[in-house]
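K.L.:
Once you've had a glance at the structure underneath, I'll fire off some questions.
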Amino acid sequence: MTKSILDVVRLNKSFDVKSRKKLWAKPTRVQVLNDITFQLFEGETLSIVGESGCGKTTLGRCIVRGMSASSGEVNYYASEGERIDYLKLKGQDAKKYRKDIQMIFQDPYSSLSPRMSVYDIIAEPLIANFKLRKSEIDDKVTEIASQTGLNVSYLQRYPHAFSGGQRQRIAIARALIMQPRLIVCDEAVSALDVSIQAQIINLLKDLQEQYQITYIFISHDLSIVQNISDRVAVMHLGRIVELASTESMFSQPKHPYTEALMSAVPQPDPERKKDRIILEGEVPNPANPPSGCHFHPRCAYRTDKCVQQVPELREVGDGHFAACHYAEELNLRGVRHEEAKQA
Ligand SMILES: Nc1ncnc2c1ncn2[C@@H]1O[C@H](COP(=O)(O)OP(=O)(O)OP(=O)(O)O)[C@@H](O)[C@H]1O
Ligand SMILES: [Mg+2]
């Protein structure tokens, strides 16, 4: 039986954005997350994909409470199995459970203080949360640093002395020292060279195996996503439009938006390159979204129903969810599993 570690229920987030040109005008409310609901299983890697601005980072931040959600629930199942209303945690309970969920970002340089030594950066959350002796902190920092592949004799140096890959290791060490059960990785390898990307991904996988860590892996690189995920969620304009196992998602996408995203995955066969679907039209404005299905203006399969009715996210196959009125009828093109893995 797969156990849930997180149940996200109808999570919404909106921002009030003021126009720079009309300062006297009332701010416009922009709905950035719209009824996001999904279950996360213990020990899995769930990737979140979707074009820039669709709300991936906002979702991650709302889950870890780096930002407050406008409404909705995040139910967290702690290691003893009890259900915790994560967004409402206060006082001692917050101290006890918030460390279980950590987040790492694309650009560790901006999230690592330039004036702190790497030792202090890694030790800081430990010191803030536990009463430990200096020798215990030393031992823990050294252990975590060597586990994440950092040279222990360089710990008194400052972040600028390290390469991008090393800095990402520092960020992972800082997250790992709290012994999290879930880590949200927001484009954690996107800024790195391909060979370094592979090293960091291997590190994340090793840590997952060793500590049964669950990952939410936010990425725009579908080749990486296909390689490392158990399941994938596709977001479009603040909504999850498809959610399925990696195999099912890539071989048989059920939403036209997913089909378009997948057609851009690099293919070793030059004949297939021609099949790339170019999405016509602009990315819709979240402040003024289209009626009905938000994807309809760019969808090759749209009908009047799509212009009028919002499709709900519903189960259209075994554990395969899609928000398209025609999910069962359309025969969409995916990528063969092996093909994309080689690319
Ligand atoms: N503090 C904020 N105030 C107003 N709008 C915001 C704020 N933060 C994010 N947004 C808007 O929310 C939407 C989603 O942003 P978000 O950063 O979550 O997207 P993303 O999917 O992570 O994009 P990317 O792939 O570029 O990282 C965007 O339209 C963005 O402009
Ligand atoms: Mg982002």
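K.L.:
Could you please let me know if K21 is surrounded by 14 or more Cβ atoms within 10 Å (Cβ to Cβ) and basic (K, R)?
P.N.:
no
K.L.:
Residues that are under 30 Å from D139 (Cα atoms) and among the small types (G, A, S): does region 50-70 have at least one?
P.N.:
yes
K.L.:
With within 16 Å of ligand 1 (Cβ to nearest atom) and not in a strand (DSSP E or B) as the only criterion, which of I36, I48, I63 stands out?
P.N.:
I63
K.L.:
Evaluate region 57-77: report whether one residue or more is without any contact (Cβ under 8 Å) to a residue 60 or more places away in the chain and over 22 Å from the mean Cα position of the chain (by Cα).
P.N.:
no
K.L.:
So in region 120-175, with the set limited to residues that are of a type in the set (S, T, Y) and surrounded by fewer than 21 Cβ atoms within 10 Å (Cβ to Cβ), which one is farthest from Q197 (Cα to Cα)?
P.N.:
Result: S135.
K.L.:
Which residues, taken from region 14-45, are within 16 Å of ligand 2 (Cβ to nearest atom) and either closer than 21 Å to Q226 by Cβ or of a type in the set (A, V, I, L, M) (or both)?
P.N.:
V30, V32, L33, I36
K.L.:
Give D230, D221 a once-over and let me know the one that is under 14 Å from the mean Cα position of the chain (by Cα), of a type outside the set (A, V, I, L, M, F, W, C) and within 16 Å of ligand 2 (Cβ to nearest atom).
P.N.:
Checking each option against the conditions leaves just D221.
K.L.:
Give the number of residues within region 111-135 that are not in a helix (DSSP H, G or I) and not charged (D, E, K, R).
P.N.:
7
K.L.:
Related question: How many residues does region 157-181 hold that are of a type in the set (D, E, K, R), more than 21 Å from M67 (Cα to Cα) and part of a loop (DSSP other than H, G, I, E, B)? Walk me through how you get there before you give the answer.
P.N.:
Filtering region 157-181 down to residues of a type in the set (D, E, K, R) leaves 157, 167, 169, 174, 181.
If we keep only those that are more than 21 Å from M67 (Cα to Cα) too, we end up with 157, 167, 169.
Pick out the ones that are also part of a loop (DSSP other than H, G, I, E, B) and you get 157.
Qualifying residue count for the region: 1.
K.L.:
Another question about this same structure. Taking F130, is it within 15 Å of ligand 1 (Cβ to nearest atom), out of contact with any Phe, Trp or Tyr (no Cβ under 6 Å at 6 or more places or on another chain) and either farther than 19 Å from A233 by Cα or modelled with pLDDT under 95 (or both)?
P.N.:
The answer is no for F130.
K.L.:
Just to verify a result, which residue in region 182-201, among those that are surrounded by fewer than 22 Cβ atoms within 10 Å (Cβ to Cβ) and assigned to a loop (DSSP other than H, G, I, E, B), is farthest from ligand 1 (Cβ to nearest atom)?
P.N.:
D193
K.L.:
Looking at the structure I just gave you, is S70 hydroxyl-bearing (S, T, Y), more than 10 Å from ligand 1 (Cβ to nearest atom) and under 28 Å from D206 (Cβ atoms)? Outline the logic, then answer.
P.N.:
Values: hydroxyl-bearing (S, T, Y): yes; more than 10 Å from ligand 1 (Cβ to nearest atom): yes; under 28 Å from D206 (Cβ atoms): no.
So S70 fails the test.
K.L.:
Among the residues of region 16-65, which ones are of a type in the set (D, E) and either at pLDDT below 95 or closer than 22 Å to E282 by Cα (or both)?
P.N.:
The answer is D16, E51.
K.L.:
Looking at this structure, is E51 within 16 Å of ligand 2 (Cβ to nearest atom), acidic (D, E) and outside the structural domain of P286 (by TED's automatic domain parsing)? Explain how you work it out, then say what you get.
P.N.:
On the way: within 16 Å of ligand 2 (Cβ to nearest atom): yes; acidic (D, E): yes; outside the structural domain of P286 (by TED's automatic domain parsing): yes.
So E51 passes the test.
The values are calculated or read from the model by the stated rules, or taken from the named source; none is laboratory data. Keep in mind the model is a prediction, meaning the values are calculated, not measured. Every residue, glycine among them, receives a Cβ derived from its backbone with ideal geometry; neighbour counts consider all protein chains shown.
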